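The values are calculated or read from the model by the stated rules, or taken from the named source; none is laboratory data. Every value quoted in this text rests on a predicted model; they were computed, and no experiment measured them. Virtual Cβ from ideal backbone geometry, glycine too; neighbours counted across all protein chains shown. Remember, those area values only see protein heavy atoms, side chains included, never the ligands or the DNA or RNA. Shrake-Rupley method; radii C 1.70, N 1.55, O 1.52, S 1.80 Å.
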Amino acid sequence: MDENDAAGEPAADRPDHLDRRAELSEFLRTRRARLKPEDVGLASMGRHRRVPGLRREELAQLAGVSVAYYTRLEQGNGRNVSAEVLDAIARALRLSDTEHAHLVHLASPTRQRRKHPAPKRQQQVRPALRHLLESLEGVPAYIGGARSDILAWNRMAAALFGDWGRMPRAERNWARLTFLNPDYRELFIDWDSKATDMVSYLRLYAGRNPEDPELSALVGELSVKSEEFRRLWATHDVKEKGHGVKRMRHPLVGELTLAYETLHLPDDDGQFLSVYHAEPGSASAEALRLLASWGVDDSVRAKL
C-alpha cells in the first residue's frame, strides 16, 4: 500500500522555521525547573523560592561554569559552546541520553546539520521494504518517516488502525491522527500516554530539523486546533521511538494489548519500521487472528 538558513535572514524571522535559540532556551529552562536542590545534593537556599526548581546560579555551580556563561546559554546563545561544557550541563541537569543528544543538536546546529539533513519533501519507501511489509503476515506493521508521517503499511495495520489508503496523504500522520481524529482517541485506551509520546517524538525531530517547513506547518496547525497539543509541546520533553506496550479498543474485536518494536532504517531519511504483536496464546493474539481472517471490511472503514 502507498504510502541552511538563508543568508542574512534569521530563522526566527521566517514562518517556515522553528526558532532554534528559543528552543534551546526553553529546553534548558524546563529541565532546570524539574530539579530541586535536594535532588542534586544542594542545601535549599531559603524556605520560599520564587522560581520552580534550581536557580541558574545553582545549576552553574553544579556544572562548574560561571553564572554569566550559563545565563547566556539559557538565553539561547549556544555559539562556540564546547562539548565538554555541554556534557557538564547535561550531567548537572541529569539529562537522559536522548535529552543530552537533543541539547547538543540545539546548542551546536552547525556541527550537527550534516548528520541529520532535512528529509526530501516527498519521502520514498524502497520497494524491498514494501515487500518486507507484505511478508509480515498476521502482525500489523507500517513504515513511518519524517514528522511521523505514515508512508507504507500492510494489510494487518489497515485492519487494526483503519484504512489509511482512504485518507488524503496529508492526514496520514500520527500527530494529526492522535490529536485531530476522534476515532484514535477511542482506539487508544491510554490516549494520554499516546499523546505524550507523540509530542516527545516530534520534539526530538524538531531539534534535529528546525529548518523543515512542513514541521513548522504541522506544529502551527496542531497548536491552533488542539489545546492538549499546545500544553504538551510547551513541556519540551523528548523521547526516541523504541519499544513498549499499547492497549487498544478495536470496534470489531474489543480490547487488545499489543507490544510494539521500532526498527530504525538508517539509510532511508530517518524512516522506521514499527511492528505490533501479541503474546502467544493470549486473548489479544486471538483478536489479531480474527482481524487477519476478516481483513479491512466496510465496518472497520466506517469506524476508523
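The figures follow:
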{"quantity": "All helices (runs of 4 or more DSSP H) inside the range 92-186 with 3 or more residues being more than 30 Å from E286 (Cα to Cα) and modelled with pLDDT of 95 or more", "calculated": "97-107"}
{"quantity": "R79 at pLDDT below 95 and surrounded by 13 or more Cβ atoms within 10 Å (Cβ to Cβ)", "calculated": "no"}
{"quantity": "Inter-residue pairs, beta-carbon under 9 Å, first more than 15 Å from L106 (Cα to Cα) and in the range 62-85, second open to solvent by less than 60 Å² (accessible area, probe 1.4 Å) and outside any helix (DSSP H, G or I), 6+ apart", "calculated": "L62/L42; L62/L54; L62/L93; A63/L93; Y69/V81"}
{"quantity": "Counted residues, the range 169-185 - those being aliphatic (A, V, I, L, M) and within 21 Å of A159 (Cβ to Cβ)", "calculated": "1"}
{"quantity": "Close pairs from the range 245-260: first closer than 15 Å to W191 by Cβ, partner in a strand (DSSP E or B) and among the polar types (S, T, N, Q), Cβ under 7 Å, at least 6 apart", "calculated": "V245/T257; R247/T257"}
{"quantity": "Yes/no for L204 being out of contact with any Pro (no Cβ under 9 Å at 6 or more places or on another chain), outside any helix (DSSP H, G or I) and open to solvent by less than 30 Å² (accessible area, probe 1.4 Å)", "calculated": "no"}
{"quantity": "Those residues of the range 211-245 which are among the basic types (K, R), touching a Leu at 6+ places or on another chain (Cβ under 7 Å) and buried (at least 18 other Cβ atoms within 10 Å of the Cβ), in sequence order", "calculated": "K239"}
{"quantity": "Residues of the range 86-99 satisfying the condition of being surrounded by fewer than 18 Cβ atoms within 10 Å (Cβ to Cβ) and within 21 Å of E57 (Cα to Cα)", "calculated": "D87, A88, R91, R94"}
{"quantity": "Selected residue [out of contact with any strand residue (DSSP E or B) (no Cβ under 6 Å at 6 or more places or on another chain) and within 19 Å of V275 (Cβ to Cβ)] from G220, G162, G207", "calculated": "G162"}
{"quantity": "Evaluation of L187 against (1) over 25 Å from H105 (Cβ atoms); (2) surrounded by fewer than 20 Cβ atoms within 10 Å (Cβ to Cβ) (one fails), failing number", "calculated": "(2)"}
{"quantity": "The range 261-304, subset in a loop (DSSP other than H, G, I, E, B) and modelled with pLDDT of 85 or more, residue surrounded by the fewest Cβ atoms within 10 Å (Cβ to Cβ)", "calculated": "P280"}
